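The values are calculated or read from the model by the stated rules, or taken from the named source; none is laboratory data. On a predicted model such as this, the values are computed, not experimentally measured, just so you know. Note: ideal-geometry Cβ built from the backbone for every residue, glycine included; neighbour counts use all protein chains shown.
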Amino acid sequence: MAALKPQVRLLAFASLLNDSASEMIYPLLPVFLTSVLGATPVTVGVIEGAADGLASILKYFAGSISDKLPRRKPLVVIGYGLAAASRALIAVAGRWPSVLTARLIDRTGKGIRSAPRDAIIADVTPAEDRGRAFGFQRALDHTGAVVGPLLALLFLNVIHVPMRTLFMIAVVPGAIGVVMLAAFLKEEERPSERGRLARIVDPNRSQSGQDARAPGSFYFAITAVALFSLANSSDAFLILQAHAAGVSTAMLPTLWAAHHVIKSLFSTRAGALSDRIDRRLLLIGGWTSYAIIYAVFPFAHSLLFFVVLFVLYAIPFTLSEGAERAWISDLVPAAARGKSFGIYYLANGLCVLVGTVLFGEIYQNVSAQAAFWVGAGLAVMAAAAVLIVPRKSMT
């Protein structure tokens, strides 16, 4: 098995550093906003909703722009740089509007970098190895989600630093990642003079002269992804369900850490498996297992049951995350990868937002069981929709 490209390893390590920094802050942010800055729970919801909505929209535009630039690297570096800078702003915030600004800057960074980053991974990786490459990136991202909270516990409970100092410390890992990307991320220049002239004649052609339009199979794939995103509502409801069933507050971070440990350990292997078999089988298996686990959640009423479910809940994402991104890159020409990943992230983000609102309404006004079962049904529909998409790869 060939080694992953240096660009893939570097981008994955940057994800680890950035996510470690982000997860040092994110679990503490609601407490900081309400207890220190006097924000209301509604304000917290507005901040997070506005930030995530902005990121989803920007991912589309950044991906499209990256297809037209000589290199995608500047967008990736700027995106991670904005995220690092936002943490410093949170550390010195005196009022909640400053935190809103910081979160918007952070999500702007995420919106700018995500689609170009994934396009670079697809650009430098042969089609037969893309599942492993995307799985590796996701594995290190999840590793950061484990490392970050552990660092926060170390600094707050062992070293006893103030919360604001922790937020400033969180700037460091992200800044290291930015410097590494700026110094070491190599990317070949893509356009040619002939390609630029061709775009004047035919705007649907890329700077390299290739057709920059995504085929119909890509939009069928996006429909399937959108259906699953509707099912994949905020994981906060799982935490809420566990707490309502008697799981202690102190135990909740441990459950969540176990979930991310499983993802970090097995995402690379699952992605590599999708390179050897039809990627659609991994998606169907992942999304179907999600439906089964979601359908069982309302019946969990003990700590042991929840521990088992939270560990199993990592399986759907372990199977599907790397395969999903590799699948998208297989279906589109190289010249349309940035825009295609932008559409993918836009559909994913907006549908998760809609799905979360839908789940919350059913959870509050009907029952928890009904909410989880609706999510399970949507996941089954998404798995069935995968079968409509042809296997054809555009490499």
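As a summary of the residue check, A370 satisfies the conditions (1) assigned to a helix (DSSP H, G or I); (2) of a type in the set (A, V, I, L, M); (3) within 23 Å of the chain's Cα centre (by Cα) except for the one numbered (3).
Out of the stretch 272-331, which residues are basic (K, R) and either under 23 Å from V374 (Cβ atoms) or touching a residue at least 12 places away in the same chain (Cβ under 8 Å) (or both)?
If we filter the stretch 272-331 for residues that are basic (K, R), which is where we start, we get 276, 279-280, 325.
Within the stretch 272-331, R279, R280, R325 meet the criteria.
Among the residues making up the stretch 344-360, a single one is surrounded by 19 or more Cβ atoms within 10 Å (Cβ to Cβ) and in contact with an Asp or Glu (Cβ under 7 Å, 6 or more places away or on another chain): G349.
Is it true that L378 is modelled with pLDDT under 90 and out of contact with any Lys or Arg (no Cβ under 8 Å at 6 or more places or on another chain)? So L378 does not fit the description; no. For the stretch 80-95, indicate whether the set of residues that are modelled with pLDDT under 90, surrounded by fewer than 24 Cβ atoms within 10 Å (Cβ to Cβ) and either at positive phi or among the aromatic types (F, W, Y) (or both) is non-empty. No, the stretch 80-95 contains no residue that is modelled with pLDDT under 90, surrounded by fewer than 24 Cβ atoms within 10 Å (Cβ to Cβ) and either at positive phi or among the aromatic types (F, W, Y) (or both).
Out of A272, A336, which single residue is assigned to a helix (DSSP H, G or I) and surrounded by fewer than 24 Cβ atoms within 10 Å (Cβ to Cβ)? Explain how you work it out, then say what you get.
Details: A336 fails: surrounded by fewer than 24 Cβ atoms within 10 Å (Cβ to Cβ).
Of A272, A336, the one residue that is assigned to a helix (DSSP H, G or I) and surrounded by fewer than 24 Cβ atoms within 10 Å (Cβ to Cβ) is A272.
Within the set I159, I169, I200, the sole residue that is more than 23 Å from the chain's Cα centre (by Cα), at pLDDT below 85 and among the hydrophobic types (A, V, I, L, M, F, W, C) turns out to be I200. Does the stretch 64-74 contain at least one residue that is farther than 19 Å from S22 by Cα, of a type in the set (A, V, I, L, M) and in a helix (DSSP H, G or I)? Taking every residue of the stretch 64-74 in turn, at least one turns out to be farther than 19 Å from S22 by Cα, of a type in the set (A, V, I, L, M) and in a helix (DSSP H, G or I).
Any chance the stretch 98-121 includes a residue that's free of Cβ contacts under 8 Å to residues at least 12 places away in the same chain and either more than 16 Å from A21 (Cβ to Cβ) or of a type in the set (S, T, N, Q) (or both)? Write out each step before concluding.
Of the residues in the stretch 98-121, the ones free of Cβ contacts under 8 Å to residues at least 12 places away in the same chain are 98.
Those still in the list that are either more than 16 Å from A21 (Cβ to Cβ) or of a type in the set (S, T, N, Q) (or both) too: 98.
Looking through the stretch 98-121, at least one residue is free of Cβ contacts under 8 Å to residues at least 12 places away in the same chain and either more than 16 Å from A21 (Cβ to Cβ) or of a type in the set (S, T, N, Q) (or both).
Checking the stretch 141-148 against the condition returns no match, with no residue being more than 30 Å from S274 (Cα to Cα), of a type in the set (A, V, I, L, M, F, W, C) and in contact (Cβ under 8 Å) with a residue 24 or more places away in the chain. Of the candidates P149, P126, the single residue that is touching a Pro at 6+ places or on another chain (Cβ under 8 Å), at pLDDT below 95 and not charged (D, E, K, R) is P149.
Applying the criterion of being within 28 Å of I362 (Cβ to Cβ) and free of Cβ contacts under 8 Å to residues at least 24 places away in the same chain to the residues of the stretch 245-269, the residue that is surrounded by the fewest Cβ atoms within 10 Å (Cβ to Cβ) is T249.
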